[in-house]
1. Express in nm, to one decimal, how much length is gained between residue 122 and residue 383 on full extension, taking 0.36 nm for each residue of separation and deducting their alpha carbon distance.
2. If you take the Cα Rg of the range 326-372 and divide it by 2.2 N^0.38 Å, with N the number of residues, what do you get?
3. Quote the FRET efficiency, to the nearest 0.05, computed for residue 5 versus residue 230 with a Förster distance R0 of 56 Å and r equal to the Cβ-Cβ distance.
4. Once you order the gyration tensor axes a ≥ b ≥ c over the Cα atoms, which shape class does the range 218-391 get: rounded for a/c under 1.5, otherwise prolate or oblate by comparing a/b with b/c?
5. Rounded, prolate or oblate: which one fits the range 153-285, using the alpha carbon gyration tensor with axes a ≥ b ≥ c (rounded when a/c is under 1.5, else prolate when a/b beats b/c, else oblate)?
6. Distance between the C-alpha centers of the range 23-86 and the range 320-366? Whole Å please.
7. If you split all Cα-Cα distances of the range 18-162 into 5 Å bins from zero, what percentages do you get per bin, shortest first?
């Protein structure tokens, strides 16, 4: 059995490991530390909770034991996708570097630039940062990366999935080509692996578990419900969540509840608080001080339920989490592995319970395909029953809209809809020319009387002179035989027959949207 004493770590670093109570490395640590100490690039793949942070922290501290940092020129760089993960790496560094004189700086958002600038100006051996804040310091001229000897990308797949590809590429271009690069991730999709081929040089691949596997010590359950009304789905899920947490009883010492959206994190947290549960939210839109305080309270046991978005799904080490509840099934199957990996850490038993509704069928299929197993189904708690609002059947459209159908709106407004339907029928079944002319002659005096004086005065000279155009509502083509419809299409001659639309032409296709193209007659005004 390999021990830390066999890994050729620096004696001061090794003593800190022993003081922390560790004697035997995890498989990922035993496989990644030796090639890292030899100066090789490493591509480490292991499921979450297997000790990847120590896999790059320990060899990095050993490699940096000689040398001295200069102002604004860090000697090593660790990139993390989230502020919480970066803070956790900093804590690990403080733990293992306590017997050395190596220094570190943490560059994350939500903290003033001034304090971070002071640390950089003094010179640091290890710079731990999120990509955005790192580039902010560089663009302000406060940071030089030409002296970086070791570069680490933690949770590499998450970094790339979150859209950090341009930032990562730029940071790599700012660092020396001779740097040593360490990539660590829980999953490594083929497209991600192709990108790493650009960043790493003949890396040593260390894979200690099949990609996207779930811990065998985690009991998984899936509870499916189908509310009668879709608009009551969220309410039903919150009711079920409260019932499931209560049913777990004392076995649930603390838990993380995962939601897909930040707004749902706040809603679920407030709902649990309203019903007497000890809960607090954490997501990316909260102030950094509040996020740090909430996470510390959860780690210290002062907070029982942490309601989180996926910002807390990657890399956060809270060893004693007994339960994970998926209020929402994750939209990305890989996130399911990371979420439930928050429980059952360090050999402990854990429980992961997910809630699913009919609209989650696609996500559930992807998750089960990824982990290559079916999540065991479970029934809701025995005493669980949906509230009256969630059990009510969906209302019919007639009841919801006072008995009016969707198509009745235009007909209620002065009967215009029926007129348009009549006109469309006339275009589909044209009458003979003689009745049409007779109808126009009968309607002409009525329209003339209904028109304003200005319109009649304009129409008089037009009637006297044949070549001049008639009013818009009575205009015809050059032959004078085809009457232009009220919703005329354009000034060019067109047939009544519409080609390619079948036997029915929708009303909106016969209406002109040109301003002033149609004058409203007195009959229409009276109808409206």
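Just so you know, all these numbers are worked out from the coordinates, no wet-lab data involved. Not measured: the values here are computed from a predicted model. Note: ideal-geometry Cβ built from the backbone for every residue, glycine included; neighbour counts use all protein chains shown.
1. 87.8 nm
2. 1.18
3. FRET efficiency, residue 5 to residue 230: 0.40.
4. rounded
5. Because a/c hits 1.5 or more and a/b exceeds b/c, the range 153-285 counts as prolate.
6. That distance is 28 Å.
7. Bin by bin from 0 Å, the calculated values are 2, 9, 20, 23, 21, 14, 7, 3, 0.
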